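The structure that follows is given in the form of structure tokens.
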């Protein structure tokens, strides 16, 4: 892989994160139900365009994050490995910060965040695709549910990163 392509891929996390934060932070001003309004406002247009760009950038980000067996760090339960998750939960109960590596609790949290991001994006695309139909409300409800799950997992992800930075500074 060329150095330039690697540099672009390494920046995908930042771009996906910034776009996701933008879409979530501005979503209270989005005024869409079954269809895009006749005269969509700035936030309606920005939500659609930023959301579409987020979906497009999420695909290569996920491919890069999960290739070469790294998916097992994000989804250890899918590989039948629960020991690290249980050990991290027990350690957390004793006040120990779980490891960021090894397919434990924090890796699982990152995997759930990826799933919520993908699900939110796909349901948003489905909502847009079915615009003006009765199905649009179905996809909208799923999009909103997954967006809420995404918000919670992003918060927990940011908290876990903060705990690791705090632990790193203490050492």
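FYI, it's all coordinate maths here, none of it is from the lab. These figures come from a predicted structure and were not determined experimentally. Note: ideal-geometry Cβ built from the backbone for every residue, glycine included; neighbour counts use all protein chains shown.
Report the Cα centroid-to-centroid distance between the range 118-168 and the range 1-71 in angstrom, as an integer.
So the separation of the two Cα centres works out to 11 Å.
For the pair residue 159 and residue 35, what calculated FRET efficiency results from E = 1/(1 + (r/R0)^6), where r is the Cβ-Cβ distance and R0 = 41 Å, to the nearest 0.05? Walk me through the numbers on the way to the answer.
Working: r = 37 Å, r/R0 = 0.91.
Calculated transfer efficiency: 0.65.
Three principal axis extents, largest first, for the C-alpha atoms of the range 44-107, in Å?
Per principal axis, max minus min of the Cα coordinates gives 47, 28, 15 Å.
Between residue 8 and residue 21, what length in nm is gained on full extension when 0.36 nm per residue of separation is reduced by their alpha carbon distance?
Working: separation 13, 0.36 × 13 = 4.68 nm, distance 1.98 nm.
Extra length from residue 8 to residue 21 when fully extended: 2.7 nm.
Here is a further query. Quote to one decimal, in nm, the extra length available between residue 81 and residue 169 on full extension: 0.36 nm per residue of separation minus the C-alpha distance between them. Before the final figure, lay out each step's value.
On the way: separation 88, 0.36 × 88 = 31.68 nm, distance 3.05 nm.
Separation in residues times 0.36 nm, less the Cα-Cα distance, equals 28.6 nm.
If you don't mind, another one. How many Å³ per residue does the convex hull of the Cα positions in the chain occupy?
Value for the chain: 147 Å³ per residue.
Oh, and also: Helix 83-93 versus the longest principal axis of the chain: what is the Cα-based angle in degrees, 0 to 90, to the nearest 10?
90
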